[in-house]
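The values are calculated or read from the model by the stated rules, or taken from the named source; none is laboratory data. Since the structure is predicted, the reported quantities are computational estimates derived from the model, not experimental observations. A quick note on method: Cβ atoms are made from the backbone with ideal geometry, for glycine too, and the neighbour counts reach across all protein chains shown.
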Amino acid sequence: MTMTTERIVRAGLLLAAAALIAACQAQSPEEMAPTESTSSAPNMTVYHDPDCGCCSKWIDHMRVNGFAVEAVPTRDMNRMKRDLGVPRNLPSCHTAVVGDYVIEGHVPAGDVKRLLAEQPDARGLSVPGMPLGSPGMEMGDRRMAYDVIQFHEDGDTSVFTHYEAIERE
């Protein structure tokens, strides 16, 4: 490296460091602190196939929305679903447990938060299948219509939330 190139590189590094320091000093301590502490985040355990990309995207969606997620890869998802009480007619690709509830598939974080806030007498929520546009199954601005189904120990189900289709070109 020539002496001139070395000076340019050093000057660039110094400018970058100065910009970083200035940006940090411009923020108040409240602005720099995380908005929600990990200790107050709802704990969630997600069982998923280790080769499934949409499961990883859904886990990211939950983390971004304030959940403390433990991801547990497993090749025996059918056993996990059976053991956790997921109805046979409501399967998806991953299964989670948060509090006393089971979350099956691509349920939006807002619905999980609502479930935890309302505490209904239910076993959990499911988004059966893998609907395009649900969290983890994003495809641009498009979304197919789908329902978040609340299910109970006795097999009863009801629509917890309905999402309309969105078609944008």
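Can you tell me which residue within the stretch 115-137, out of those that are free of Cβ contacts under 8 Å to residues at least 24 places away in the same chain and either in a helix (DSSP H, G or I) or not assigned by TED's automatic domain parsing to the domain that holds residue 157 (or both), is farthest from residue 160 (Cα to Cα)?
Only one residue tops the list, namely 117.
If you go through the stretch 117-128 one residue at a time, do you hit one that is under 19 Å from the mean Cα position of the chain (by Cα) and exposed (fewer than 13 other Cβ atoms within 10 Å of the Cβ)?
Looking for residues that are under 19 Å from the mean Cα position of the chain (by Cα) and exposed (fewer than 13 other Cβ atoms within 10 Å of the Cβ), one finds at least one in the stretch 117-128, hence yes.
Of everything in the stretch 40-77, what is part of a loop (DSSP other than H, G, I, E, B) and touching a residue at least 60 places away in the same chain (Cβ under 8 Å)? Give them in sequence order.
42
Does any residue of the stretch 145-152 turn out to be touching an Asp or Glu at 6+ places or on another chain (Cβ under 7 Å), surrounded by 16 or more Cβ atoms within 10 Å (Cβ to Cβ), on the phi < 0 side of the Ramachandran plot and not in a loop (DSSP other than H, G, I, E, B)?
For the stretch 145-152, residues touching an Asp or Glu at 6+ places or on another chain (Cβ under 7 Å), surrounded by 16 or more Cβ atoms within 10 Å (Cβ to Cβ), on the phi < 0 side of the Ramachandran plot and not in a loop (DSSP other than H, G, I, E, B): present.
Restricting the first residue to the stretch 138-156 and requiring it to be touching a residue at least 60 places away in the same chain (Cβ under 8 Å), which pairs with a second residue that is surrounded by 12 or more Cβ atoms within 10 Å (Cβ to Cβ) and β-branched (Val, Ile, Thr) meet a Cβ separation below 7 Å and a spacing of at least six or different chains?
From the stretch 138-156, the pairs are 151/157.
Tally up the residues in the stretch 81-105 that are in a helix (DSSP H, G or I) and either surrounded by fewer than 19 Cβ atoms within 10 Å (Cβ to Cβ) or in contact with a Lys or Arg (Cβ under 7 Å, 6 or more places away or on another chain) (or both), please.
3
Which condition breaks for residue 128 when tested against (1) within 25 Å of residue 100 (Cβ to Cβ); (2) in contact with a helix residue (DSSP H, G or I) (Cβ under 7 Å, 6 or more places away or on another chain)?
Here residue 128 clears every test but (2).
Taking residue 77, is it more than 27 Å from residue 40 (Cβ to Cβ), within 16 Å of the chain's Cα centre (by Cα), in the same structural domain as residue 55 (by TED's automatic domain parsing) and not charged (D, E, K, R)?
For residue 77, the condition - more than 27 Å from residue 40 (Cβ to Cβ), within 16 Å of the chain's Cα centre (by Cα), in the same structural domain as residue 55 (by TED's automatic domain parsing) and not charged (D, E, K, R) - is not met.
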